[in-house]
Amino acid sequence: MSDTSRVLAGVRVLDFGRYIAGPYCAALLGDLGADVIRIERAGGGEDRWVAPVADDGVGALYLVMNRNKRAMTLDPACPEGREIVRKLVATADVVVANLPPEVLRSLALDLESLRRVKADVILTTVTAFGAGGPWSGKHGFDGIGQVMCGSSYLTGTPEQPLRAAVAWVDCGTASLAAFGTLAALMARRQTGRGQKVEGALLRTAIAFNNPTLVEQQVIEVDRVATVNRGQTSAPSDLFRTRDGWILALAIGEPMFGRWAKLMGEDHWLTDPRFKDDLARGDHGEIISKRMSEWTAERTTAEALAELEAARIAAGPLYSPQQALKDAHVRAAGLLEDTEYPGLPRPAPLAPTPVDLSETPGRFRHRAPTLGEHTTEILTELGYGPEQIAELRARNVI
């Protein structure tokens with residue numbers, strides 16, 4: 001990819017992140033051409049080993065979150081390590097660190113300390129709960145955001161609430177942090193000043209579930225979980241077919257009209273129980289029962305074909321293996337097979353999940369092995385071979 005098509009060519013990002021919210025933010029910036037340096041301790045960060053898939057124990061999470069990065073090992077707490085951090089910061093545009101505020105201060109990675117080294121630096125942080133409240137100092141993970149925003153309460157049943165297996169709070173926060181970082185880079189071009197960009201897991205979860213919270217406060221509807229059935233329109237549910245499951249949804253009068261005709265229930269179009277989306281949602285159990293009878297007589301392929309002909313939104317329920325094999329997923333380039341040392345077969349990585357027609361994000365290189373670029377990066381900072389060897393001998397790197 002040429003520099004002219006790399007939006008962030010020439011931008012250096014230091015990634016002190018861990019797990020998802022920080023590393024995925026930095027990966028998205030790397031997709032757009034930034035030089036991202038992942039910094040982790042000599043034994044590797046704990047997120048490197050989640051869901052191991054490689055011979056050396058490297059995990060699936062690491063492979064996804066650290067594409068397009070260079071990597072170095074470093075102890076940032078010892079004096080020599082702090083000096084290396086200082087030299088790195090002097091070359092950086094952005095520091096990404098989803099670490100608690102007290103840890104940032106102890107490592108001199110808080111905004112005030114960073115500005116003493118690089119006045120226009122941008123600090124992108126992610127916390128669990130955000131600043132300004134009694135829980136601001138507490139630690140947390142994705143699932144905490146899910147259960148505190150009301151989402152999990154409305155998923156599953158009243159007796160068994162469920163959290164999503166996908167870390168949507170983490171990934172959403174990372175994406176918003178990348179969005180904020182891009183805005184901060186644009187602002188710096190206008191003002192010459194850097195700033196702090198702060199994402200928070202609970203902030204993301206509350207924002208994504210905001211319509212539900214608006215409805216609750218304004219009209220106090222007091223909704224409860226209804227498994228997979230939607231509550232503000234119908235049909236909106238998972239339906240079992242002869243050989244699997246599908247999700248089908250009809251929203252708005254025209255689509256519901258087509259669905260009712262497909263079901264042979266034209267008289268429902270004048271039934272006051274089904275007069276609009278909200279009324280249909282209130283009587284969704286009846287509608288789901290009717291459609292379940294219809295899908296039970298058809299294979300998944302047959303049901304989807306008839307629904308598509310009637311222009312009703314529907315899709316198959318896939319296992320992860322089925323998702324990997326889906327013809328559209330592969331043809332649309334939603335996964336890109338990528339080699340990594342020690343994998344029994346290539347890793348299917350999802351490219352940048354938004355496409356730009358002129359300056360798209362790209363995979364330039366796989367996730368780095370542990371400390372793969374330490375010597376290269378230190379050489380760029382002016383360290384000689386003997387100095388680097390001494391730092392290794394003293395476990396600084």
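Read-outs throughout are calculated quantities, based only on the coordinates presented, and are distinct from any laboratory measurement. Quick caveat, the model's predicted, so the values are computed rather than measured. All Cβ positions, glycine included, derive from the backbone under ideal geometry; neighbour counts span all protein chains shown.
Before moving on, here are some points about what is shown:
- Percentage, to the nearest whole number, of Cα pairs in segment 1-46 over 15 Å apart: 44
- Listed by chain and number, the aspartates and glutamates whose alpha-carbon sits under 15 Å from that of LYS289, ignoring those within fewer than 8 places in the same chain, are ASP237, GLU265, GLU297.
- Size of segment 38-120: Rg and Dmax of its alpha carbons, in Å, are 14.2, 43.
- Segment 329-384: trypsin sites (Lys or Arg not before Pro) in DSSP loop, at most 15 other beta carbons within 10 Å: ARG364
- Computed from Cα atoms, the angle from the helix 79-91 axis to the main principal axis of the chain rounds to 70 degrees.
- Residues whose amide H falls under 5 Å from that of ASP271, counting only those 5 or more places apart or on a different chain, are absent, with hydrogens built in the peptide plane.
- Between 0 and 90°, nearest 10: helix 300-309 axis offset from the chain longest Cα axis: 80
- Segment 174-239 - Rg (one decimal) and Dmax (whole number), Cα, Å: 18.7, 56
- For segment 24-63, the alpha carbon positions stretch 29, 20, 14 Å along the principal axes, listed from largest to smallest.
- Scalar couplings 3J(HN,Hα) for segment 362-367, obtained by applying the Karplus form with A = 6.51, B = -1.76, C = 1.60 to θ = phi - 60°, are 9, 7, 9, 7, 5, 4 Hz; x denotes Gly and Pro.
- Under the Debye formula (equal points on every Cα, no solvent term), log10 I(q)/I(0) of segment 1-152 at q = 0.13, 0.14, 0.15 Å⁻¹: -0.64, -0.74, -0.85
- Note: the chain, Cα convex hull, 180 Å³ per residue.
- Scaled against 2.2 N^0.38 Å for its residue count N, the alpha carbon radius of gyration of segment 272-370 is 1.63.
- Extent along the principal axes, Cα only, for segment 136-253: 60, 31, 30 Å, with the longest axis given first.
- Working note: Karplus 6.51/-1.76/1.60 with θ = phi - 60° gives segment 344-354 the couplings x, 7, x, 8, x, 9, 7, x, 2, x, 9 Hz, where Gly and Pro are set to x.
- Axis angle, to the nearest 10 degrees, between helix 21-31 and the longest C-alpha principal axis of the chain: 80 degrees.
- Structure note, pairs LYS275/LYS325; LYS196/LYS325; LYS69/LYS138: Cα-Cα distances above 32 angstrom occur for LYS275/LYS325; LYS196/LYS325.
- Among the GluC sites (Glu not before Pro) within segment 215-299, those in coil by DSSP and having at most 16 neighbouring Cβ atoms inside 10 Å are GLU220, GLU265, GLU297.
- Annotation: the residues SER106, SER319, sorted from fewest to most other C-beta atoms within 10 Å of their own C-beta, follow the order SER319, SER106.
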